[in-house]
Amino acid sequence: MPVFLTYDGSVNAEWIAHYALHMAAQTPEKILTVVYVEDAAVPAPRLLAGLKAIETQAGSLGVIVHNQILPMRRGILGGLSEYLPPGPETIVVCGARARKGRRGHLRGTISERLMQLRKYNVLAIRVVQPGLLGQPRSVMIPVAGKREGIRLSLPILRLLAPDITRLHLLRVVERRRSFLQRLPNNNADQVRENAFRQLRSIEARIRNRVELPENAVELLVRIAASWTEETILQANYFHSGLIFVEASRIGLARHFLPGKPIETLLGQANCDVAVYRGI
């Protein structure tokens, strides 16, 4: 299962490299391929220093780093897509903008466009807590109640799992509380029970493929008006180091419009956020 890191020479990319290195350490090959497409934006000394720093980190994990400096082919995306091997085994770790900017954290980035290609498993990370060094112990996964998204996350989640001691599966049922107050008590309870039933099914799917400590998983159901606000609130409450969330395969670009849930999560969460797109 090859792991690739798209590198742009920035400090942000070096923070993201910690995640890629720890993921590569869990593969049989223990190889991380760092891919940089020449765009003349990064001075050679800065580029070489950054690559050297990643190699130094890799040594303590027993990971071998292969550096690939590629020419442009129809821009940076073309250079990457020409080199990266397509297929469900390939995992591409990349970044979100560290600062929001006019278009948000992911909108219009190379990371978003790699997701749109639908050729690889892509993990785009915004690092808020660089001190975690790519090893979040407490991870929150907000789910929509469908097992398909979790199935597609498993190749990535398996590589993150060895560092996880607490995994919260969160199902936010978007309802105004006034809606529940109008329901008979047994109907309101049924809403919650249906959500828990979905979470139990997802937990079973995860445990079938991912090794986690016996009591690591906790199921959370919350009724709230806003999925995004409740996810951030729960991540704060449980001191999550990482929120691991799917970029839906339907209408992918719309998820990264300003004001949309994923962009809001990336911009407002107080912990690292990893957006995945599996194939």
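What follows draws every value from the coordinates through simple rules; no lab data is involved. A quick note: this is a predicted structure, and the numbers were derived from the prediction, not measured. All Cβ positions, glycine included, derive from the backbone under ideal geometry; neighbour counts span all protein chains shown.
Largest GNM mean-square fluctuation across 224, 24, 247, computed for the chain with C-alpha springs under 10 Å, falls on 224. Here the dipole of the chain is about 980 debye; that uses its Cα centre as origin and unit charges on the Cβ of Lys and Arg (positive) and Asp and Glu (negative). Loop-located trypsin sites (Lys or Arg not before Pro) in region 28-65 (DSSP state other than H, G, I, E, B) with a sparse environment of at most 16 neighbouring Cβ atoms within 10 Å: 30. Spin-label model, residue 239 to residue 279: label points 7 Å out along the Cα-to-beta-carbon direction sit 4.0 nm apart. Taking the alpha carbon gyration tensor of the chain, multiplying each eigenvalue by 5 and rooting it gives semi-axes of 34, 20, 16 Å, largest first.
Among the trypsin sites (Lys or Arg not before Pro) in region 65-163, those placed in a DSSP loop whose Cβ has at most 16 other Cβ atoms within 10 Å are 73, 74, 99, 100, 102, 103, 118, 137, 146. Rg and Dmax, both from the Cα atoms of region 1-130 and both in Å, are 13.8, 41. Here the Gaussian network model covers the chain, with springs between Cα atoms less than 10 Å apart; of 138, 240, 201, 201 fluctuates the most. Computed from backbone phi, the HN-Hα couplings of region 13-23 come to 5, 5, 5, 5, 4, 4, 4, 4, 5, 5, 5 Hz, rounded to whole numbers (Karplus: 6.51 cos²θ - 1.76 cosθ + 1.60, θ = phi - 60°; Gly and Pro given as x).
For the residue pairs 52/119; 100/260; 30/100, alpha carbon separations beyond 24 Å are given by 52/119; 30/100.
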